[in-house]
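Nothing in this text is a laboratory measurement; each read-out follows from the coordinates by a stated rule. Please read all numbers here as calculations on a predicted model, not as lab measurements. Methodologically, a virtual Cβ is constructed for each residue, glycine included, from the backbone with ideal geometry; neighbour enumeration extends over all protein chains shown.
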Amino acid sequence: MNGDGAAFAFLESNTTGTGREFCAAARARGMRPVLLSRDPGRYPYAAADGVDTVVLDTADPQAVLEACTRLAPAAIASSSEYFVDLAARLAAKLGLPGPDGDAVARCRSKDTQRAVHAAAGVPVPAFAAVTGAAEAARAATRIGFPVVLKPVSGSGSAGVRLCADPEETRAWARRLLADGSATVLVEEAVRGPEFSVETFDGTVVAVVAKHVGPEPYFVETGHDVPAPVPPATAEALGSTAVQAVAALGLGYGAAHTELRLGPAGPVVIEVNPRLAGGMIPVAVRAATGVDLVDAVIARAAGQPAAPPGPAAGHAAVRFVRVAAEGRVTAVDGLADAAAAPGVAAAAATTAVGREVRVTHSFQDRLACVVAAGPDPATAARRASAAAALIDITVEDTPR
């Protein structure tokens, strides 16, 4: 696997671990990872791993195109939900491999995605896209309470909330609109356990069980690979995800589909046109031997995929979440966590000096552990025990 030292451009990064894996995989294939970012300090791994960085306004497509033209990369990709669309369009302009930009754009707009799925017969929650608080309350009343409100773009549960009545619906819609969301999605609250299905080129690689924090929010607190469900349930979840991906025209590379298993069967919550975050790919590799991160890097670089490696059978991800707001003054225990039995990865997603706040989103996760085992219970126990070894000290700071 020789990339001859060519640059691999990464447009911003996932903040919960996968971005670091992307850079490591590019290096393993003989390429030089280069992170294009407005604020590389958001990604502590970049400095720790000596990743080259280019500081620029990544919200300016022309500035990014000019930077990439100067860099002349052999490949371009993004592990960030917010930049996969731009990365796809830049790859096309530079004549590099990448997904279809229009298909990615359809995924990035949750209301467009939901309409495409409904028209194609993909099972989705009842929904309405609204632009005002009163309209949100009326839509919620038609759909039936409780409902879920979310921005039409975004990821990591940011801005997603369960609303029990018209008053809560109006209040949360006002907040989302005030925070910059021009359109809010109001949708039926599907009751049942949550899963994700990881696919590559439209083929199921893994069905993953999610652990979610307390309502009214939906912050992911852990994952189990593969999901400990009967084979028929896994098959139903996988086939529904494949149907959802195909309806959007996503025939290239990785997709991360989130579903709920409702009373009538699987219901698609959303399709993300990218590899999963939350260290799920590391858990998939530990459990199944399939390296999805390397598969994404290989595809973008035009290199052959690697065969599956050793597999433990099961893996679990557990997060260390923010317990107090303020400035991080110490991150301890990572080495102990990494050395714990069965641990495949242990990493902090914050750093000393960073400000942390409770956001009820993926940003509340300050560290994570992936552990493997011969069965679901052992993997989960190992991941939880190792996560407990990580101590992140936060000192209160005035707002």
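Values as computed for the structure displayed
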quantity: Nearest-20 debye value, the chain charge dipole, Cβ charges on Lys, Arg, Asp, Glu; calculated: 220
quantity: Gained length - Asp102 relative to Thr359, 0.36 nm times residue gap less alpha-carbon distance; calculated: 89.4 nm
quantity: Rg to Rh quotient for segment 51-98, alpha carbon positions, Kirkwood Rh; calculated: 0.91
quantity: 5 angstrom amide H check on Leu366, placed H, neighbours 5+ away; calculated: Val320, Arg321, Val322
quantity: Residue-span extension gain [Ala72 to Ala339] - 0.36 nm each, minus C-alpha spacing; calculated: 92.2 nm
quantity: Alpha-carbon radius of gyration plus Dmax, which is the widest Cα pair, for the chain in Å; calculated: 20.4, 60
quantity: Extended-chain gain in nm, criterion 0.36 nm per residue less alpha-carbon gap, Phe145 and Leu65; calculated: 24.2 nm
quantity: Euclidean distance of C-alpha centroids, segment 83-145 and segment 343-365, integer Å; calculated: 28
quantity: Mean projected area (nm²) of the alpha-carbon convex hull when segment 313-399 is viewed from all directions; calculated: 5.4
quantity: Theoretical FRET efficiency, 1/(1+(r/R0)^6), r = Cβ-Cβ of Asp57 and Asp332, R0 35 Å, to 0.05; calculated: 0.45
quantity: Residue-averaged 222 nm ellipticity for the chain, from DSSP H runs of 4+ at -39500 (n - 2.57), nearest 500; calculated: -10000 deg cm²/dmol
quantity: Alpha carbon convex hull of segment 126-188, volume per residue in cubic angstrom; calculated: 63
quantity: DSSP bridge orientation in segment 8-162 - percent antiparallel, rounded to nearest 5; calculated: 15
quantity: Order of Val242, Val197 under a 10 Å beta carbon neighbour criterion, fewest first; calculated: Val242, Val197
quantity: Qualifying aspartates and glutamates (Cα of each under 16 Å from Cα of Lys210; at least 8 residues distant if same chain); calculated: Glu194, Glu198, Glu220, Asp224, Glu258, Glu270
quantity: Relative packing of peptides 23-29, 178-184, 201-207 - highest average C-beta neighbours within 10 Å first; calculated: 23-29, 201-207, 178-184
quantity: Rounded FRET efficiency, nearest 0.05, which uses the C-beta distance separating Ala47 from Glu135 and R0 of 56 Å; calculated: 0.75
quantity: Sequence of Lys93, Lys110 once ranked by neighbouring C-beta atoms within 10 Å, starting from the fewest; calculated: Lys93, Lys110
